[in-house]
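The values are calculated or read from the model by the stated rules, or taken from the named source; none is laboratory data. No experiment lies behind these values; they were computed from the predicted model shown. Don't worry about glycine lacking a Cβ; one is built from the backbone with ideal geometry, like all the others, and counts go over all protein chains shown. Areas reflect the complete protein model, heavy atoms only, side chains present, ligands, DNA and RNA absent. Shrake-Rupley method; radii C 1.70, N 1.55, O 1.52, S 1.80 Å.
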Amino acid sequence: MLELFLAECRRFRKAALIFAAASLLISYHEFRATSFLSNEYVVYCIGIAAYLLAAGALALYQIGAYKQPARWIWLLHRAIPRWQIFVAIQFAAAALIGLAAGLPLILSLLATQAEHARVVDTRFYVDALHVVLLCILSWQSVSYAILARHRFSFVVLLFPLMLMSLYLASTYVLLLPALLSILLMGYALYTVFRPERRSMQDRPLSFAIAAIPMLLCFYIAMSWSGTILFKVGFTALGKNRPENYVPGGYLEAQDAAGDFKLLQNELAASSDPRAKSWRDQLSPSDESTLRPSVRKLSVRNQAANTDPAIMYDGKRYNWPFSHDSMRFIALNNDTGTQRELSLGPHGINDPAGFAEPVSAYYQTSRTEAGVVARTVLFSRSALYLLDSNPMRIRQIVALSGGESLASTPSFDSKGMTLITNKRVVSYVMPASTGGSAEQLPTERYSITLPGPVSDLGLVNTAEVADGTIVTLLYAGDLQHGAGNSQAITYHVQNGQASVINRRALVDELGVFLAHREYWMSPALFSLLEVPDMLLDRGRVLDAGQATDSTHFFMPRPRDAQIIALLAMLISGVAAWLWLQRTACSTWQRAVWIAACLMLGLPGLFVLLAQQQRLPFAGKLSDLPGAQMA
């Protein structure tokens, strides 16, 4: 086994060294000369994708070459057990990936940190390990697709992407699911790593465990392809054009908000005798629209940044945020090196760090004094403003009792409005932003959200002579199955809000489309929601929630449950028909049918991929793997 391991390493050593040199140069340039480490999740994914493709190419050549009959027989008929051959090749691939991908990343981080060129947190070194683990998983997936006996094995190529979707959680916590994924995919690969690739001689339990990656990937493939087809079809049919909107639906109401007509329409439908007077007072210049734009917040030591973790002061310095010190660190724009400056919640070189990771964004608003530009900082429970003279951070909003920010603030001549997971809150800003740190905004009014913030689409506000008109438009999570779409309009006077109109919105998607992720397989839908409940990925939770369980416990309408039941019955009947001409025994057929009834359409696709049918004119003994289900 050791000799085979060393032989595989020698076989690819030149290619690994060339790739390592290129990786070292590129990663060092990106870390040193750009703000790559402070970029957001999407940029990370693009960089990781290059490594995953390289690992897949290694598997394609390494295992693809061995797949040739002569080499395959030579390899797997050595005088050592099959598992030792598998371990030798697997560990050789892991060593090559570590040399070509992991080591250059760590060396680049060390060099960047030694030069004080960028902020290098401890989490980035763990991220380098995650790149290696993802590459190993990519190698295993491609190898499985090559060696598996069925034509649909390529679906497991989605398995690394499933793991990457979790990479907004803590990089330390994610080590466990990454290692478990490698063990699971490695076991599945071992079941197809055999001299006769078309035989299936494993025990039923081993066979079931090995089928788990394919089952999950079939569900993800169906879910993603269904979403893509839905969006393409929706656009192709012109349903996104205003003339084709469903009357009384969410899209029509959302479009009306963009044209400053939503409040007009809602007041026209109101039975309040004051509504006509308010409607005559409305002016587009007085209206503002606010959306719950903050769906996810930064998490301490997260593997990838939810938002760019850097702040620009418009002068000589950039200020990346460090998760180690929980402060902003100054970088000189001219030299690209760190200065002995940091920015905490109480000013320059504040020894105390922020209690939560902080993100920054830049906003301009038009007020009576003209256009005002602001640098706004926010965390889960606090909102800050950056003052330039003197350089300091002022906390202007502090939330408590499990309340979280769900939007960036909207500034206007009256003050500031924002959305939390519990309320819509409006504040009156101090007369001057240059006052003392204790000069805080005062609350003007607060409206308790009548529904979950995850379903809130937008908030439309306008000032009238005797108060403020506020409309809440609910249907923002419609594509994930949430119902209760409605528009609720309030009149706010002296801080007190009263409902003046409530209108139910027409369900534009229908149950079949809105709940498609559920009825495909209720069991797998619930299973894939478990990571969201266990891992903190920064999602803004609905009021009263301790974990992200919105979709897991979402009540489903009766029609969606009937469609799910029909899909499971169709899967069971189709499985029974398919198994009529297979080599399965009676109890194996019963297990397959029960699995398809429970798992729905993805379970049926696994059956179609795993169980080869016998030709009409053939015999059971002619079917490869006839002895095993």
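Miscellaneous remarks
- The C-beta contact set for the stretch 382-405 (first residue more than 18 Å from Val428 (Cα to Cα) and of a type in the set (D, E, K, R), second residue open to solvent by less than 50 Å² (accessible area, probe 1.4 Å) and part of a loop (DSSP other than H, G, I, E, B), distance under 7 angstrom, 6+ apart or interchain) comprises Glu403/Ser381; Glu403/Asn421.
- Scanning the stretch 17-30 for residues that are touching a Leu at 6+ places or on another chain (Cβ under 8 Å) and either within 19 Å of Tyr317 (Cβ to Cβ) or open to solvent by 80 Å² or more (accessible area, probe 1.4 Å) (or both) yields a single hit, Leu17.
- Filter pass, Ser621 being assigned to a helix (DSSP H, G or I) and modelled with pLDDT under 85: yes
- In the stretch 490-524, the qualifying residues are those that are farther than 10 Å from Ala560 by Cβ and within 24 Å of the chain's Cα centre (by Cα), and the one that is surrounded by the fewest Cβ atoms within 10 Å (Cβ to Cβ) is Ala523.
- Unique match (being part of a helix (DSSP H, G or I) and open to solvent by less than 50 Å² (accessible area, probe 1.4 Å)) among Ile220, Ile212: Ile220
- Of all residues in the stretch 528-544 being assigned to a helix (DSSP H, G or I) and touching a Leu at 6+ places or on another chain (Cβ under 8 Å), the one that is farthest from Ile419 (Cα to Cα): Leu528
- All of Leu263, Leu297 fail the test of being at pLDDT 85 or above, closer than 17 Å to Thr471 by Cα and open to solvent by less than 30 Å² (accessible area, probe 1.4 Å), apart from Leu263.
- Selection status of Asp127, at pLDDT 90 or above and touching a strand residue (DSSP E or B) at 6+ places or on another chain (Cβ under 7 Å): no
- Checked against the criteria, Pro615 counts as at pLDDT below 85 and touching a helix residue (DSSP H, G or I) at 6+ places or on another chain (Cβ under 8 Å).
- Test: residue in the stretch 534-556 that is in contact (Cβ under 8 Å) with a residue 24 or more places away in the chain and among the polar types (S, T, N, Q): yes
- Test: residue in the stretch 564-572 that is open to solvent by 30 Å² or more (accessible area, probe 1.4 Å) and either in contact (Cβ under 8 Å) with a residue 60 or more places away in the chain or β-branched (Val, Ile, Thr) (or both): yes
- Scan of the stretch 576-590 for residues that are open to solvent by 80 Å² or more (accessible area, probe 1.4 Å) and either in contact with a helix residue (DSSP H, G or I) (Cβ under 7 Å, 6 or more places away or on another chain) or among the polar types (S, T, N, Q) (or both), ordered by number: Trp576, Gln580, Thr586
- Search result, residues across the stretch 300-315 that are touching a strand residue (DSSP E or B) at 6+ places or on another chain (Cβ under 6 Å) and in a loop (DSSP other than H, G, I, E, B): Asn301, Thr306, Asp307, Pro308, Ala309
- Test result for Leu383, at pLDDT below 85, buried (at least 17 other Cβ atoms within 10 Å of the Cβ) and either under 26 Å from Ala169 (Cβ atoms) or of a type outside the set (Lys, Arg) (or both): no
- Selection within the stretch 371-424 - assigned to a strand (DSSP E or B) and among the polar types (S, T, N, Q): Thr375, Gln395, Ser410, Thr417, Thr420
- Failed condition for Leu331, given (1) assigned to a strand (DSSP E or B); (2) modelled with pLDDT of 90 or more: (2)
- Among residues of the stretch 3-18 that are within 18 Å of Ile80 (Cβ to Cβ), those with a Cβ under 9 angstrom from a residue that is among the β-branched types (Val, Ile, Thr), sequence gap 6+ or separate chain, pair up as Leu4/Ile80; Leu4/Ile85; Leu4/Ile89; Phe5/Val87; Phe5/Ile89; Glu8/Ile89.
- In the condition set (1) of a type in the set (Val, Ile, Thr); (2) at pLDDT 90 or above; (3) touching a Pro at 6+ places or on another chain (Cβ under 8 Å), Val470 is compliant with all but (3).
- The number of residues in the stretch 351-368 being under 22 Å from Gln113 (Cα atoms) and modelled with pLDDT under 85 comes to 1.
- Single unsatisfied condition, Val132 versus (1) at pLDDT below 95; (2) touching a Leu at 6+ places or on another chain (Cβ under 9 Å): (1)
- Within the stretch 115-126, the presence of a residue that is within 30 Å of Ile80 (Cβ to Cβ), assigned to a helix (DSSP H, G or I) and open to solvent by 50 Å² or more (accessible area, probe 1.4 Å) is excluded.
- In the stretch 135-176, the residues that are part of a helix (DSSP H, G or I), surrounded by fewer than 19 Cβ atoms within 10 Å (Cβ to Cβ) and not aliphatic (A, V, I, L, M): Phe154
- Remark: pairs (first residue in the stretch 287-302, farther than 14 Å from Ser170 by Cα and in contact (Cβ under 8 Å) with a residue 24 or more places away in the chain; second residue basic (Lys, Arg) and open to solvent by 20 Å² or more (accessible area, probe 1.4 Å); Cβ separation under 8 Å; 6+ apart in sequence or on different chains) = Arg295/Arg539.
- Yes/no for Ser270 being over 30 Å from Ser322 (Cα atoms), more than 31 Å from the chain's Cα centre (by Cα), among the hydroxyl-bearing types (Ser, Thr, Tyr) and open to solvent by less than 30 Å² (accessible area, probe 1.4 Å): yes
- Test result for Tyr245, in contact with a strand residue (DSSP E or B) (Cβ under 9 Å, 6 or more places away or on another chain), surrounded by 15 or more Cβ atoms within 10 Å (Cβ to Cβ) and more than 30 Å from Ser35 (Cα to Cα): no
- Test result for Leu229, open to solvent by less than 80 Å² (accessible area, probe 1.4 Å), assigned to a helix (DSSP H, G or I) and of a type outside the set (S, T, N, Q): no
- Some residue of the stretch 292-313 being hydrophobic (A, V, I, L, M, F, W, C) and under 21 Å from Arg503 (Cβ atoms): no
- Some residue of the stretch 336-345 being β-branched (Val, Ile, Thr) and either surrounded by fewer than 12 Cβ atoms within 10 Å (Cβ to Cβ) or at pLDDT 80 or above (or both): no
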